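Trainee: Before I ask anything, here is the structure I am working with.
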Amino acid sequence: MNTARNASPRSVEDYWGREGLEHAILDALAAGGVDVTAPTVDDLAPADQFHGGGKPATERLARLADFGSGTRVLDVGGGLGGPARTLAAQFGCRVTVVDLTESYIRAGAALTALVKLGGRVAHRQGNALALPFDGQAFDAVWTQNSGMNIADKESLYAGFARVLRPGGLLAIQEPMAGPVTPPIYPLMWARDATTSFLRRPDEMRALIEAAGFALRAWDDVTAEPFGARPGAPVPAHGIARIVMGEQLPDIMQAGQRNREEGRIVMIQAVFERR
């Protein structure tokens with residue numbers, strides 16, 4: 001087990017939390033020409049798909065997992081709920097979003113209500129290392145770019161296995177350590193190495209399998225065209241700009257170097273609970 005300490009819940013909340021986030025998002029969307037009185041899931045995508053690759057990456061992972069209509073999905077670290085709303089609207093899933101950051105839960109619930117998906121998507125504050133759900137409560141666990149601040153990944157994936165029924169699916173998208181180390185900071189999720197805990201793909205696969213999962217699919221999507229490309233513009237109404245503010249250019253520059261130099265790779269994978 002990695003003995004490094006996880007980023008504390010308070011430090012994570014301080015890093016990600018933003019008061020009035022739903023209002024800032026809606027104001028930015030309106031400035032971008034969106035009718036915020038009746039937005040669609042696609043309208044929200046620049047602002048609510050806060051992970052590498054945005055909505056196309058969410059759609060790719062959903063196709064890889066091949067969820068059936070009515071699948072009960074737990075989205076761990078689901079933030080504003082963009083992927084959850086996509087899973088509900090396009091794939092017929094019933095999704096519970098759990099996230100540590102209270103302002104994201106409030107904003108996510110408001111956006112879900114705005115697109116009239118409250119009957120299929122629920123938002124709940126909680127810690128990924130102490131999931132507040134009964135055992136075998138879900139058909140699938142979904143997580144995109146959510147484990148980077150967690151050192152104790154063995155406990156994280158053991159918790160995923162606990163809440164999944166046997167035969168249930170785990171669908172992940174996760175930045176992992178590349179062959180060149182260390183990564184260049186700042187990263188989207190960390191200003192320095194004290195709150196970033198990446199492991200190599202082979203280590204990640206082994207620890208997930210040890211938690212009670214069998215591999216179904218494992219794809220390195222670092223070079224996929226849906227990823228942020230060097231020189232690509234960032235939407236003025238995008239959540240990265242809203243949350244990261246003046247630090248965003250430095251984060252994007254570091255991200256480009258991390259990809260080009262093999263310091264960080266992006267993996268999408270699907271596992272089955274044994």
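Derivation of every value follows stated rules applied to the coordinates shown; laboratory data play no part. Note that the structure is predicted; figures quoted are calculated from it, not measured. Glycine also receives a Cβ, built like all others from the backbone with ideal geometry; neighbour counts cover every protein chain displayed.
Trainee: Cα gyration tensor of the stretch 37-119, axes a ≥ b ≥ c as square roots of the eigenvalues: rounded (a/c below 1.5), prolate (a/b > b/c) or oblate?
Mentor: Working: a/c = 1.30, a/b = 1.29, b/c = 1.01.
Rounded shape, in that the Cα axes give a/c under 1.5.
Trainee: Ranking Arg273, Arg72 by Cβ neighbours within 10 Å, fewest first, what do you get?
Mentor: Arranged by neighbour count, lowest to highest, Arg273, Arg72 become Arg72, Arg273.
Trainee: Mean shadow of the chain, computed from the convex hull of its alpha carbons, in nm²? List each step's numbers first, then the result.
Mentor: Working: hull surface 51.1 nm².
Over all viewing directions, the chain projects a mean Cα-hull area of 12.8 nm².
Trainee: Tell me the volume per residue, in Å³, of the convex hull enclosing the alpha carbons of the stretch 22-77.
Mentor: Taking only Cα atoms, the stretch 22-77 has a hull volume of 117 Å³ per residue.
Trainee: Something else about it: Looking at Ala137, Asn149, His23, which one has the Cα that reaches farthest to the positive end of the dipole of the chain (charges on Cβ: Lys, Arg +1; Asp, Glu -1)?
Mentor: Projecting each Cα onto the dipole axis, the largest value belongs to Ala137.
Trainee: Let me ask something else. If you scale each eigenvalue of the Cα gyration tensor by 5 and take the root, what three semi-axes come out for the stretch 37-182, rounded to whole angstrom and sorted largest first?
Mentor: Listed largest to smallest, the semi-axes of the stretch 37-182 are 22, 18, 15 Å.
Trainee: Let me ask another. With the cut-off at 1.5 for a/c, could you classify the stretch 106-217 from its C-alpha gyration tensor as rounded, prolate or oblate?
Mentor: Since a/c reaches 1.5 but b/c is at least a/b, the shape of the stretch 106-217 is classed as oblate.
Trainee: Need one number: % antiparallel among DSSP beta bridges in the chain, to the nearest 5.
Mentor: 50
Trainee: Note down the nm distance, to one decimal, between modelled labels 7 Å out along Cα→Cβ at Arg216 and at Asp27.
Mentor: 4.3
Trainee: Another question about this same structure. Select from Leu111, Val95, Val36 the residue farthest towards the positive end of the dipole of the stretch 23-168; place +1 on Cβ of Lys and Arg, -1 on Cβ of Asp and Glu, and compute about the Cα centre.
Mentor: Val95
Trainee: How much length, in nm to one decimal, is gained on full extension between Leu129 and Asp66, taken as 0.36 nm per residue of separation minus their Cα-Cα distance?
Mentor: Result for the pair: 20.1 nm of gain on full extension.
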